[in-house]
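Novice: Structure provided below as structure tokens; questions to follow.
The values are calculated or read from the model by the stated rules, or taken from the named source; none is laboratory data. Keep in mind it's a predicted model, so treat the numbers as computed, not measured. Note that we place each Cβ from the backbone using ideal geometry, even for glycine, and neighbour counts take in every protein chain shown. These area figures cover heavy atoms from the full protein model, side chains too; ligands, DNA and RNA do not enter into them. Shrake-Rupley method; radii C 1.70, N 1.55, O 1.52, S 1.80 Å.
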Amino acid sequence: MVYRYILKKLTFFVLTLFTIVTLTFFLMKSIPGDPFTEEQAIPEEIMKNLYSHYGLDKPLHIQYMKYIKGFLTLDLGPSFKYEGRTTNQIIKEGFPISATLGCVAFFLAVFWGVFWGSIAAFYKGRFLDHFAMILAVGGMSVPSFLTATFLQYIFSIKLGILPIARWGTISHMILPAIALAAFPSAFIARMTRASMVEVLQKEYILTARAKGLSKFKIWQKHVLKNSFLPVISYLGTLFASITTGSFIVEKIFGIPGLGGWMVSSITNRDYTIIMGLTIFYSFILLTSIVITDIVYFFLDPRIKDRFQNYELS
């Protein structure tokens, strides 16, 4: 049964990714204009040579088949604006930076989200609960660009203890990681609190309290595992989005990750870069979703029962 479930998820992965590749290609082709449109008119002869060089003068179905072939061979095509650069090179250069920053932000978000959510749940209705939820509402309400600007103003301009921008050392990573982690940590805190409040009302928790177990022991042995399942479903999507680059945060802090490349490619109408980065992001997202579903399958017996009943019906 486990192998059939995994096979089903992998089939979903392949079909969805192929659909995204197809839709991305035709949507890009349907946008008015072209990558070579400039303020100053380019001579017609040069335009013809450019179209011929990049294969844009071929029929649409030929271009599509060529792109699918490149996708299957992991060749996402050349950049139209940066001569000699390819989409693969840009991903190779930018993704490690975005992934490093994203992983730090991801673990910060999970740690602080679970920490404050647990505090709020165990002290429901008290000061710590209200304080934690005020922080959570603030983290979810304030846009990331305001959080990033505020952090730069306080810690870089006023206090001068952290660099205001750029990338290179661990100190350059602190402020953008906090700015990236603010919203997801607040969201995780609210999810964790809601789930833990429900679990804390179960009979086995009341029994553990009656036996005199400390709050930390109850949290560690009984509450965390049973209340963390709803959070896991969010972590897959969060990991994909946070490790592939934040357009706004990377732009504000001058970080040379994938986010900056996506912004510049849209501005320049560099279609192959836009399509390549979109497909790459989709690949990471779908991979995270499939892994999350498989983990969920092993952690939650109800998923196994539903899948088995579905096969029998």
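Novice: I'd like to check one number: the per residue accessible area of the stretch 217-298, probe 1.4 Å, reported in Å² as a whole number.
Specialist: Result: 39 Å² of accessible area for each residue.
Novice: Let me ask something else. Shape verdict for the stretch 201-242, please, from the Cα gyration tensor: rounded (a/c under 1.5), prolate (a/b greater than b/c) or oblate.
Specialist: Since a/c reaches 1.5 and a/b is larger than b/c, the shape of the stretch 201-242 is classed as prolate.
Novice: Given bins 20 angstrom wide, list per bin the percent of all Cα-Cα distances in the chain, short to long.
Specialist: Percent of pairs per bin, in order: 26, 48, 23, 3, 0.
Novice: Pull out a ≥ b ≥ c, the square roots of the eigenvalues of the alpha-carbon gyration tensor of the stretch 156-282, then state rounded if a/c is under 1.5, prolate if not and a/b is larger than b/c, and oblate in the remaining case.
Specialist: Since a/c reaches 1.5 but b/c is at least a/b, the shape of the stretch 156-282 is classed as oblate.
Novice: Please give the per residue accessible area of the stretch 62-176, computed with a probe of 1.4 Å over protein heavy atoms only, in Å².
Specialist: I get 58 Å² per residue for the stretch 62-176.
Novice: Would you mind counting up the charge near residue 209? Only other residues with Cβ under 13 Å from its Cβ, with Lys and Arg at +1 and Asp and Glu at -1.
Specialist: Neighbourhood net charge equals +4.
Novice: So, one more: Using a 7 Å offset from the Cα along the Cα-to-Cβ direction at both residue 164 and residue 204, what is the distance between the two label points in nm, to one decimal?
Specialist: Going from the residue 164 label point to the residue 204 one covers 5.5 nm.
Novice: Follow-up question, since we're still on this one. Can you tell me how the stretch 11-143 classifies by the Cα gyration tensor, rounded, prolate or oblate, using a/c under 1.5 as the rounded cut?
Specialist: Prolate is the answer for the stretch 11-143, as a/c is 1.5 or above and a/b outweighs b/c.
Novice: Could you look at the stretch 166-307 and say what percent of its accessible area is carbon and sulfur, using a 1.4 Å probe and all protein chains?
Specialist: 65 percent
Novice: Under 5 Å between amide H atoms, partner at least 5 residues away or on a different chain: which partners does residue 86 have, H built in plane at 1.01 Å?
Specialist: 79
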